[in-house]
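Beneath this line is the structure, given in structure tokens, with notes to follow.
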Amino acid sequence: MEFLDQWLWLIFVVGGLLMILLELVIGGGLDLAIIGSVLVIGGATTGWVHSWYLTTICAIALSAIYVAFGRKYVHRRRWSWGTETNIDAMMGKSGVVEQRIARNMDGLIKVGNEQWRARSEGDIEEGEEVVITDVSGATLLVKKTEGVK
């Protein structure tokens, strides 16, 4: 126990710094960086006491506070609101049919500079404009744009 009393605080500080470094290397949700910071703070604030018990209690308490209250706040603030990506970015966009789309038969459409496989409930000829209504796997579900031939 004497070893833990003397050195656990330093083990927590070094372990916490390694977690912060790992978060910087692999990225992710900031959890490693925050838990690493908790270990650094817990170890540094109790290092002068030389009590493994107090160091452990402090780190556990700070971790529990983060998990219970801080994690939701950090993740909510981290994600950018209003920026649509992936499927959400495709919804409502328009494209032009490059290969005829028949009922129960996929065709091809061009959206921006990309060509996509597309499916529709009705027949749509080449050159017609379509709007994306949904996405199923890598296939866009489209419908003919109203008023455009």
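Residues in the stretch 15-48 that are touching a residue at least 12 places away in the same chain (Cβ under 8 Å) and within 19 Å of Glu2 (Cβ to Cβ): Gly43, Thr46, Gly47. All conditions in (1) in the same structural domain as Glu114 (by TED's automatic domain parsing); (2) at pLDDT below 85 hold for Lys72, with the sole exception of (1). Here the condition is being over 30 Å from Val13 (Cα atoms), modelled with pLDDT of 80 or more and in contact with a Phe, Trp or Tyr (Cβ under 9 Å, 6 or more places away or on another chain); of Ile124, Ile109, Ile101, it holds for Ile109 alone.
For the stretch 39-49, does any single residue satisfy the condition of being surrounded by 13 or more Cβ atoms within 10 Å (Cβ to Cβ), assigned to a loop (DSSP other than H, G, I, E, B), at pLDDT below 80 and touching a helix residue (DSSP H, G or I) at 6+ places or on another chain (Cβ under 6 Å)? Within the stretch 39-49, one or more residues are surrounded by 13 or more Cβ atoms within 10 Å (Cβ to Cβ), assigned to a loop (DSSP other than H, G, I, E, B), at pLDDT below 80 and touching a helix residue (DSSP H, G or I) at 6+ places or on another chain (Cβ under 6 Å). Given (1) surrounded by 14 or more Cβ atoms within 10 Å (Cβ to Cβ); (2) at pLDDT 90 or above, where does Met90 come up short, assuming only one miss? Every listed condition holds for Met90 apart from (2). Only residues that are closer than 12 Å to Arg100 by Cβ and hydroxyl-bearing (Ser, Thr, Tyr) were counted across the stretch 113-149, and they come to 1.
Do we find that Gly95 is part of a strand (DSSP E or B) and at pLDDT 90 or above in this structure? So Gly95 passes the test. Cβ-Cβ distances below 7 Å connect the following pairs, each with a first residue in the stretch 52-79 that is within 13 Å of Ile35 (Cα to Cα), a second residue that is modelled with pLDDT under 80 and not hydrophobic (A, V, I, L, M, F, W, C), and a separation of six or more residues or different chains: Cys58/Thr46.
The values are calculated or read from the model by the stated rules, or taken from the named source; none is laboratory data. Because the structure is predicted, anything quoted here is derived from the model rather than measured. Ideal geometry is used to build each Cβ from the backbone, glycine not excepted, and the neighbour counts take in all protein chains shown.
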